[in-house]
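**Student:** Before anything else, here's the structure in question.
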Amino acid sequence: MTDDPTQQSTSPFAYPAFRLYWFARICSILALQIQIVATGWRIYDVSGSAMALGFVGLAEFLPSILLVLITGHVADRFDRRRIINFCQGLEVLAMGVLWFALWDETAPIWPAFIAVVILGTARAFEMPAASALVPNLVPRSIFPRAVALNSSAWQGASIVGPALGGVLYGLIGHSVFAVSAALFACAFTLVCFIKLEPKAKLEAAKKISMDTLFAGFRFIRAKPIVLGAISLDLFAVLLGGATALLPVLAKDQFDAGPVMAGILRAGPAVGALVTGLILAVRPVRRHVGRVLFVCVGIFGVGTIIFGLTTSAVVAGIALIVMGAVDMVSVFIRQSLVQLETPDEMRGRVSAVSSLFIGASNQLGEFESGVTAAWFGASAAVVLGGVGTLAVVAIWCFLFPALRTVDRFPGAVRSEEDK
């Protein structure tokens, strides 16, 4: 990988390591989405308990909270490719356990929860290692394009995966877990072939200590741009969780059935996918801080419109726009956080960032449910949108360094910038 910007391709796909990583990521996300749908259906078919479904989500999410200090340190101390490979091996094992645990409908389902914990643990270690690896795969000047392509891969697989999981479960039943295992195995194989130049390999890290474990939190706190970007996204997601109330609004406000509700649910992902592909070709280059705040503000306005309208068509347009601007904000946040963070710290910072965003999604759904119970679904969504706009206004004053960021770190001026 040359350091001379004039000799670099502007496409991340020109770099073999990124190509392998990108296709591995698609396989991994497809496998995960198929597993989520199949696990929910199978456990409910076997147990008939909605509470069991809640425990499935808890079992998969808890490891990321309990292990956050360790996962980031591991990603900074060891070869990130090997960490990803080891985790994908655990994911194949988890699929095998699910396959056998749910084979017999009369058997106890507790082994399935063990499998989900294994999967959650593997994901807890894999996510910070995978995020921290990407800047080593392409030059800094085109890293934002790589972020856009990664996000597009996630959105595309997140659209196809659940539908594919449902179809496969209907056709082959619990054997769908074998398909997920095969996809995780494909991802494992692709990552095995990723080669890095010597300068991109991690050096030996310091011995583990409380100082090194909490270094990610201290770094984020000391960097206004990083702290502002992560916290802005956290509170926007926390307050703007409109889709959690989609079933209620679709039935009571839009007078729509389950088919239309499903179409509306896909709206944000469609907007995000299209925007991600555009950003991969024409990424944001100038006034990135200002664009970030504007996009989060538009997200808040879209949330308010979604909560007020009685038209399913208007709601769908609002959700598509919300997905599009959310993709831009994610693109800017991930690019800023990764490029502002030294390579030896990226694992720990990525672990903290992943935990915050993951927790905000979970808490956002809880917040939406509570406020809907108090004020009604429509009012809850509108209040969330107003809250998002308030956060944007407050963060503009609290984090002027983020608001005034012009270019990404390491960005190369081009004719398009002038």
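The values are calculated or read from the model by the stated rules, or taken from the named source; none is laboratory data. This is a predicted model, so every value here is computed, not measured. Neighbour counts are summed over all protein chains in view; Cβ atoms, including those assigned to glycine, are modelled from backbone coordinates with ideal geometry.
**Student:** Taking region 70-111, which residues are in contact with a Lys or Arg (Cβ under 9 Å, 6 or more places away or on another chain) and hydroxyl-bearing (S, T, Y)?
**Tutor:** Scanning region 70-111 gives a single hit, T71.
**Student:** Another question, then. Taking region 105-141, which residues are β-branched (V, I, T), assigned to a helix (DSSP H, G or I) and touching a residue at least 60 places away in the same chain (Cβ under 8 Å)?
**Tutor:** Those that are β-branched (V, I, T), assigned to a helix (DSSP H, G or I) and touching a residue at least 60 places away in the same chain (Cβ under 8 Å): V116, V134.
**Student:** To continue, here is another question. Please go through (1) touching a Pro at 6+ places or on another chain (Cβ under 6 Å); (2) within 20 Å of V134 (Cα to Cα) for F86 and return the number of the only condition it doesn't satisfy.
**Tutor:** That leaves (1) as the condition not met.
**Student:** Take the residues of region 280-306 that are surrounded by 21 or more Cβ atoms within 10 Å (Cβ to Cβ) and modelled with pLDDT under 90: which is nearest to A148 (Cα to Cα)?
**Tutor:** A280
**Student:** Let me ask something else about it. In region 316-323, is there at least one residue being in a helix (DSSP H, G or I), crowded, with 23+ Cβ neighbours inside 10 Å and out of contact with any Gly (no Cβ under 8 Å at 6 or more places or on another chain)?
**Tutor:** No, every residue in region 316-323 fails to be in a helix (DSSP H, G or I), crowded, with 23+ Cβ neighbours inside 10 Å and out of contact with any Gly (no Cβ under 8 Å at 6 or more places or on another chain).
**Student:** To continue, here is another question. So which residues in region 250-306 are outside any helix (DSSP H, G or I) and of a type outside the set (G, A, S), if there are any at all?
**Tutor:** Correct list: Q253, F254, D255, R282, P283, V284, R285, R286, H287.
**Student:** Let me ask something else. Report the residue count in region 132-142 for those that are within 23 Å of V74 (Cβ to Cβ) and surrounded by fewer than 24 Cβ atoms within 10 Å (Cβ to Cβ).
**Tutor:** Adding up the residues that qualify gives 3.
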